[in-house]
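> Below you'll find the structure I mean.
The values are calculated or read from the model by the stated rules, or taken from the named source; none is laboratory data. Everything numeric here is computed off the predicted structure, so don't read it as measured data. Note that each Cβ is placed from the backbone with ideal geometry, even for glycine, and that neighbours are counted across all protein chains shown.
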Amino acid sequence: MQPDEIMVFAGSGSQKLAGKICTYLGVPLRASEVLHFSEGNLFVRILENVRGRTVYLIQSTSFPANDNFMELLFWIDAFKRASAQSVTAVVPYFSYAKGDKKDEPRVSVRARVCADAIEAAGADRLVTMDLHAPQIQGFFKIPVDDLYALPALCDRVRQLDLPEPVVVAPDAGFVKKARKFAAYLGTSLAIGNKERKGHDERAEIVEIIGDVEGRAALIVDDFTLTAGTLMETARALVERGASRVLALVTHGVFAPGVMPRIDDSLIERLLVTDTVETPPMEFSPKIEVVSVAPLFGEAIRRIHDRESVSVLFPG
């Protein structure tokens with residue numbers, strides 16, 4: 001074993017993705033185990049010597065979100081207590097990222113609580129993908145690398161060879177990121193004017209700003225739960241004359257019962273990444289999973305070799 005060899009471990013939430021990352025890096029997935037007790041407690045155990053080593057733990061915090069988040073904290077603590085030199089928490093999907101602000105009285109800023117917990121457990125660095133809000137990086141005192149799924153999703157779109165595509169931001173809040181998709185694909189941008197009321201996860205699309213008539217519309221977003229925004233945007237796009245509607249979403253965090261609605265929607269194809277790999281349902285035939293393992297693998301390699309990570313992404 002070489003002293004500078006990359007050591008990758010996987011939590012329960014990212015077993016498959018971690019395996020793909022290790023294949024990309026050409027290193028073995030290291031041995032560990034998780035025990036689940038009847039009352040709901042978790043027990044994690046490292047099965048290899050990590051003393052003085054640089055460790056990378058792959059663990060998404062989804063399905064079940066709270067269990068996987070607590071497991072993440074236990075892993076970090078276990079590595080530090082086993083005398084690992086440094087622990088990089090690779091969290092492909094950072095749950096509670098939407099809780100990034102106090103926008104009404106008497107509520108918790110959940111993303112900040114999670115950030116504090118990760119730091120308190122002993123993480124030296126965080127690597128994640130498409131945080132819901134960039135300011136979440138400022139919740140941490142440790143370095144945070146926020147990767148983008150854009151290259152993987154757009155490269156897959158290019159393979160589809162769509163005629164006259166147009167990128168569509170589902171709301172004004174996603175325009176800046178959607179513009180990067182449009183620049184990468186060399187196409188124009190349209191915007192959905194969305195109004196959301198309350199916390200029932202429903203959104204109303206009021207209008208589409210931009211020319212979509214006769215074009216293949218690509219709705220882009222970082223996260224979907226009920227797919228309500230995607231489906232309402234698709235309906236509005238078809239009404240405005242779009243010839244086809246596809247959606248590109250980083251984190252497919254699908255709620256139970258949503259698959260039949262996606263089947264019946266006007267969305268022709270929904271591309272998601274494998275940042276979330278433990279959904280409690282079978283996917284619709286319309287859903288295609290695009291792996292972001294090469295992006296995470298290259299980021300880990302660059303971090304380990306003290307090289308720039310930002311060069312991986314345009315703009």
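> Quick test for you: out of LEU237, LEU246, pick the one residue that is assigned to a helix (DSSP H, G or I), aliphatic (A, V, I, L, M) and more than 26 Å from THR23 (Cα to Cα).
Of the residues listed, the single one that is assigned to a helix (DSSP H, G or I), aliphatic (A, V, I, L, M) and more than 26 Å from THR23 (Cα to Cα) is LEU237.
> Across segment 155-176, what is the number of residues that are surrounded by 20 or more Cβ atoms within 10 Å (Cβ to Cβ) and either in contact with a His (Cβ under 8 Å, 6 or more places away or on another chain) or closer than 17 Å to THR250 by Cα (or both)?
Count: 6.
> Within segment 131-160, which residues are acidic (Asp, Glu) and within 18 Å of GLY186 (Cα to Cα)?
ASP155
> Continuing with the same structure: Quick one: in segment 265-315, which of the residues that are among the β-branched types (Val, Ile, Thr) and under 14 Å from THR224 (Cβ atoms) is surrounded by the most Cβ atoms within 10 Å (Cβ to Cβ)?
Within segment 265-315, the match that is surrounded by the most Cβ atoms within 10 Å (Cβ to Cβ) is THR275.
> Quick check on segment 83-103: of everything there that is more than 23 Å from LEU17 (Cβ to Cβ) and either buried (at least 22 other Cβ atoms within 10 Å of the Cβ) or modelled with pLDDT of 95 or more (or both), which residue is nearest to the chain's Cα centre (by Cα)?
The residue in question is GLN85.
> Within the set of pairs 6 or more residues apart or between chains, which connect a residue that is within 20 Å of VAL276 (Cα to Cα) and outside the structural domain of ASP116 (by TED's automatic domain parsing) inside segment 66-80 to a residue that is of a type in the set (Gly, Ala, Ser) and outside any helix (DSSP H, G or I) with Cβ atoms less than 8 Å apart?
none
> Quick one: GLU33 ticks every box in (1) among the charged types (D, E, K, R); (2) part of a helix (DSSP H, G or I); (3) over 14 Å from VAL90 (Cβ atoms) bar one, so which box is it?
All conditions are met except number (2).
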